[in-house]
1. Considering segment 125-134 alone, what residues qualify as being assigned to a strand (DSSP E or B) and exposed (fewer than 15 other Cβ atoms within 10 Å of the Cβ)?
2. Looking only at segment 44-85, which residues are within 20 Å of the chain's Cα centre (by Cα) and of a type in the set (S, T, Y)?
3. When you check S71 against the structure, is it in contact with a His (Cβ under 9 Å, 6 or more places away or on another chain) and at pLDDT below 95, yes or no?
4. Taking into account only those residues within segment 170-192 that are of a type in the set (S, T, N, Q) and under 27 Å from E95 (Cα atoms), which is surrounded by the most Cβ atoms within 10 Å (Cβ to Cβ)?
5. Yes or no: G105 more than 22 Å from K187 (Cβ to Cβ) and touching a residue at least 60 places away in the same chain (Cβ under 8 Å)?
6. So K38 fits all but one of (1) of a type in the set (D, E, K, R); (2) surrounded by 13 or more Cβ atoms within 10 Å (Cβ to Cβ); (3) farther than 19 Å from C126 by Cα; (4) over 19 Å from the mean Cα position of the chain (by Cα); what number is the exception?
7. If you scan segment 1-33, which residues turn out to be over 18 Å from H92 (Cβ atoms) and among the basic types (K, R)?
Amino acid sequence: MNKPYFILNKPVFFEEEIKKSRFLTFICPAKGKIAAMKFLAEMKILHKDAGHHCWAYIGGSPDDSVNMGCSDDGEPKGTAGKPMLAVLQGTHVGELVAVVVRYSGGIKLGTGGLVRAYSNGLQQLCPTMPTSEKRFFERFELQCSYSQMATLEHLLESNSGRIINANYEQSVVVLIEVDSEQVDIFKQKLQSLMQGQVIAKKINTSVVELG
């Protein structure tokens, strides 16, 4: 079952100077690794004179550890990518990529200083990120009588569902959507209220983003 999660609506940016080094932090929507790497490539072109382009991304659900990645891009191991990814994971927001561009000022920050520097921009931005909820709905087709429509409509309303289309002939052929998290309950109630006379046949899964 596809669980709902929040996604980033639009890019956000933060800049600061630490011991003469400039840190530019970008967070951008990115569905999947390919989109994340495309944004990284754009940042490398835009800031080609920077010394480092460290990054982290969550390509899908924030619970899907397989679809994540990060890189220190030449900084000491573990001082940039992993701390950045840890901050992103703490937001429980999916489908986003963070790139921190560093223009070095020639003063060494040390391991701890680098971790703080690469994390701070994200820590400043993440609480302000504009997000929307991504929910998954399953589509079904069913056939019922005219007299059963009121019951169906009430059942959908109480289980986060809706009618997409209804074709009224001798009986009514209805295309519906039901929240993936409510499907099992919906089917049980449908079976009970319609006394097994109406069977919902699954068509596909759709996605709806709620602001």
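The values are calculated or read from the model by the stated rules, or taken from the named source; none is laboratory data. Everything quoted here is computed from the prediction, not taken from an experiment. Every residue, glycine as well, gets a Cβ built from its backbone with ideal geometry; the counts of neighbours run over all protein chains shown.
1. Residues of segment 125-134 assigned to a strand (DSSP E or B): 131-134.
Matches in segment 125-134: S132, E133.
2. Listed by number, the residues that qualify are Y57, S61, S65.
3. On the way: in contact with a His (Cβ under 9 Å, 6 or more places away or on another chain): yes; at pLDDT below 95: no.
Criteria not met by S71.
4. Taking segment 170-192 as the starting set, the residues that turn out to be of a type in the set (S, T, N, Q) are 170-171, 180, 182, 188, 191-192.
Restricting the remaining residues to those that are under 27 Å from E95 (Cα atoms) gives 180, 182.
Working: S180: 19, Q182: 17.
Here the answer is S180.
5. yes
6. Tallying (1) of a type in the set (D, E, K, R); (2) surrounded by 13 or more Cβ atoms within 10 Å (Cβ to Cβ); (3) farther than 19 Å from C126 by Cα; (4) over 19 Å from the mean Cα position of the chain (by Cα), K38 fails exactly one: (4).
7. If the condition is that a residue be over 18 Å from H92 (Cβ atoms) and among the basic types (K, R), then K10, K19, K20, R22, K33 are the ones that fit.
Conditions tested, residue by residue: (1) exposed (fewer than 15 other Cβ atoms within 10 Å of the Cβ); (2) of a type in the set (D, E, K, R); (3) in contact with a strand residue (DSSP E or B) (Cβ under 6 Å, 6 or more places away or on another chain).
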residue	(1), (2), (3)
G94	no, no, yes
A98	no, no, yes
V101	no, no, yes
G105	yes, no, yes
G110	yes, no, no
G121	no, no, yes
I164	no, no, yes
Y168	yes, no, no
